[in-house]
Amino acid sequence: MKRNTIIAGNWKMHLSYPESVQLTEQILSEYKNYINNHTKIILFVPFVYAQSIARLCLHRGEIYVGVQNMYPEKSGAYTGEISPTMLNSIGIKAVIIGHSERRTLFHEKDEFLAKKVKSALEHHLIPVFCVGETFEERENNQTQEVIRTQVTKGLFDLSSEEIKNVIIAYEPVWAIGTGKNATPEQAQEVHSYIRSLLQTQYGSSVSDTIPILYGGSMKPDNAAQILQKPDVDGGLIGGASLKAQDFIAILQSVPQSNA
Ligand code: PGA
C-alpha cells in the first residue's frame, strides 16, 4: 500500500510577516523540482499570516497551508480563539492538534484534543495529531503505554471513515528542538507500534493508509535515513523548516521508492 509522503513545516511562533512571505516564496520557487504525485507539502504557519500565505500557495499544487491550533467550536464567546469555520473561510486545509508544546505549556488534555480532532474533521480540515513520550517516560520503558493512551484517547472515538482523514505525527518530546533526533530504528519502532494500534482498532485497510510523520530535530543530514523506514511517511519539521534551503534539502531526501 502506497501512502503519500508528507513534508510539513511547523513554523511555531517564529518569523516576522516579511520573513514569512520571503520563506514561502523561496519554497515556491524550488519545490516543484523535488516533488511528485505522492509527495505533499504542508506549511503550518502562525494564524496572523495564514490568509496571506494561503493566497501565495493557492493553485500551486501539492503545497497546502495549515495552522498550529484551533478551538473546537464553530463560533461563540471565546475571546481570542480561532474557529474551524474561520479557517475554512481563508483557505486553510490542515491543523496541528496535540503538539507537545500545547499539551505541556497550555495544559491541553486528551479529551479536549479529541474534541478538536473531531471538529477539524467535521470542517474538512486535516488534523495532524501529535503524540510522543518524554525522556523520563522513555527511560522508564513507558513509551508504548504513553503512545497508546494518547492515540486511544485522542482518536479512537472516530469512525473508520473519519480516521482515514487523519495524519499522525510521532514527536518524542526529548527530540523536539533539542538537536537530538530519534534514531531511524527508534522512530520505526514507535511508528510500527502506532500502526499496530490502528490495525487492531480499525483493521489493516485503514491502518495501511494513514500517514505517520516523524518530528523532532529532523534536519537535512538525518532526514534521508529516517524517511527511508517503512512506517515513516514524512516529517513534521520545526527548526529546519525556517530556512528554505534546509526545508528543500529535506524534501530532496525523500527516498525515490516513495517518490
Ligand atoms: P524541531 O520541532 O524540528 O525543531 O525539533 C519539531 C516540532 O516541534 O514539530
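Taking region 219-247 as the range and being within 13 Å of the ligand (Cβ to nearest atom) and either hydrophobic (A, V, I, L, M, F, W, C) or at positive phi (or both) as the test, the residues that pass are A223, I226, G234, L236, I237, A240, L242, F247. Please determine whether any residue of region 235-245 is in contact (Cβ under 8 Å) with a residue 24 or more places away in the chain and in contact with a Pro (Cβ under 6 Å, 6 or more places away or on another chain). There is no residue in region 235-245 that is in contact (Cβ under 8 Å) with a residue 24 or more places away in the chain and in contact with a Pro (Cβ under 6 Å, 6 or more places away or on another chain). Of all residue pairs spaced 6 or more apart or on separate chains, those with beta-carbon atoms under 9 Å, a first member in region 42-71 that is within 11 Å of I96 (Cα to Cα) and assigned to a loop (DSSP other than H, G, I, E, B) and a second member that is of a type in the set (S, T, Y) and open to solvent by less than 30 Å² (accessible area, probe 1.4 Å) are M70/S83; M70/S119. Only residues that are open to solvent by less than 60 Å² (accessible area, probe 1.4 Å) and acidic (D, E): list them for region 102-122, please. If the condition is that a residue be open to solvent by less than 60 Å² (accessible area, probe 1.4 Å) and acidic (D, E), then E108, D110 are the ones that fit. Filtering region 188-218 to residues that are in contact (Cβ under 8 Å) with a residue 40 or more places away in the chain and within 13 Å of the ligand (Cβ to nearest atom) leaves L213, Y214, G215, G216, S217.
The set of residues from region 187-231 being among the acidic types (D, E), part of a loop (DSSP other than H, G, I, E, B) and out of contact with any strand residue (DSSP E or B) (no Cβ under 7 Å at 6 or more places or on another chain) comprises just one member, D208. Considering region 137-182, and only residues there that are within 15 Å of the ligand (Cβ to nearest atom) and open to solvent by 60 Å² or more (accessible area, probe 1.4 Å), the residue that is nearest to the chain's Cα centre (by Cα) turns out to be G177. Are any of the residues in region 189-200 more than 24 Å from I250 (Cα to Cα) and open to solvent by 50 Å² or more (accessible area, probe 1.4 Å)? For region 189-200, residues more than 24 Å from I250 (Cα to Cα) and open to solvent by 50 Å² or more (accessible area, probe 1.4 Å): present. When region 15-29 is filtered for residues that are of a type outside the set (A, V, I, L, M), part of a helix (DSSP H, G or I) and open to solvent by less than 70 Å² (accessible area, probe 1.4 Å), the ones remaining, listed by number, are S20, T24.
The values are calculated or read from the model by the stated rules, or taken from the named source; none is laboratory data. Given the structure is predicted, the values throughout are model-derived calculations rather than measurements. A quick note on method: Cβ atoms are made from the backbone with ideal geometry, for glycine too, and the neighbour counts reach across all protein chains shown. When the accessible area is computed, the model is the full protein with side chains, heavy atoms only, and any ligands, DNA or RNA have been set aside. Shrake-Rupley method; radii C 1.70, N 1.55, O 1.52, S 1.80 Å.
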